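Here the structure comes first, spelled out in structure tokens, and everything after it is commentary.
The values are calculated or read from the model by the stated rules, or taken from the named source; none is laboratory data. From a predicted model like this one, the values you see are computed outputs, not experimental measurements. Here Cβ is always computed from backbone atoms with ideal geometry, including for glycine, and neighbour counts include all displayed protein chains. With ligands, DNA and RNA removed, areas are computed over all heavy atoms of the protein, side chains included. Shrake-Rupley method; radii C 1.70, N 1.55, O 1.52, S 1.80 Å.
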Amino acid sequence: MHIGAYAIDTPIALAPMAGITDKPFRRLCRAFGVGWAVGEMLTSDPSLRHTKKSLFRSDFSDEGGIIAVQILGNDPAVMAEAARYNVSLGAQVIDINMGCPAKKVCNVAAGSALMQNEKLVAEILTAVVGAVDVPVTLKTRLGWADEHKNLPAIARIAEDAGIAALAIHGRTRTQMYKGEAEYDLIAEVKGRLKIPVWVNGDITSPQKAAAVQAQTGADGVMVGRGAQGQPWLFRDLKYYRERGELPRPLPLAECGATVLAHIRAMHEFYGDIAGMRIARKHIGWYLDPLPHGESTRREINQLNDAEAQYDAVAAFLDKLPQYTDTWACSYR
């Protein structure tokens, strides 16, 4: 798979998720085999470039891999300038967010709300592609609403504007993340396009990834929520893609070491207070499926000290072999 001049040997991507796919998580997923990782969405509003949130989200130092930065907005000129700015900071790819269904994003006519205005979509894509000399990609959905699935029109606009690759989530905006992702329209669109396509939505197992890619003809799969609490899913996806079978599960101790390393990385990246708070949701995703995990997670979330949080998770993991010899996994 090629996006611009970049060859992607492993066409397995980590989907951008605000508040989740930060640098510590991207680095972790890359270590488990991700071939493409897009950063958390950054507003194109120049007045917000130096907020704490934006500074953390725009930190790609020592990350490794191709640096893809996602920008959010609704003004062609402002988004073009945001693209130039991020390229000046080291972005090697600019990704445009037209998939976020969050109310606070759609209420300002950004994210997936843009799909309602095809003329504006064309203006934004043309402006951003013309503003930078790096590949520009687009993340989108099937349409704004179930009765308005205009993905085919958006895809045609994207290709005509010079978009280098398209990532498509198999739901409409009004579906948010409810129900099941649909792939038939993605398959139809893929058959018409010359540019690469990522298929996204409900990719929660290697078996599902293989089936969805076969159904759609997509060039690669993009995983979002399926990676929460199990970044080693990417290891299994890569192995299954190459050999048609699952690898042996990671040893319990290795999964535990990964969890602790991730917690430590968040503490170091954000600082103790913010890192502890951000780590709570990841700890929940890791622990909830495990024996006594949910109750332990609730206790840990009462702690207000980073070291105490780390030590409490470590203590839980030390006792885990008493209850299970493998990490919980829904697809084994």
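Observations on the structure shown:
- Of all residues in the range 186-207 being open to solvent by 40 Å² or more (accessible area, probe 1.4 Å) and touching a residue at least 40 places away in the same chain (Cβ under 8 Å), the one that is nearest to Pro16 (Cα to Cα): Thr204
- In the range 261-278, the residue that is surrounded by the most Cβ atoms within 10 Å (Cβ to Cβ) out of those that are under 26 Å from Gln322 (Cβ atoms) and either among the polar types (S, T, N, Q) or out of contact with any Leu (no Cβ under 7 Å at 6 or more places or on another chain) (or both) is Ile263.
- Of residues in the range 162-185 being open to solvent by less than 10 Å² (accessible area, probe 1.4 Å) and of a type in the set (Gly, Ala, Ser), the one nearest to the chain's Cα centre (by Cα): Ala167
- Residue match in the range 206-214 (condition: within 23 Å of Asp95 (Cα to Cα) and over 20 Å from the mean Cα position of the chain (by Cα)): no
- Test: residue in the range 141-154 that is closer than 22 Å to Gly19 by Cα and open to solvent by less than 40 Å² (accessible area, probe 1.4 Å): yes
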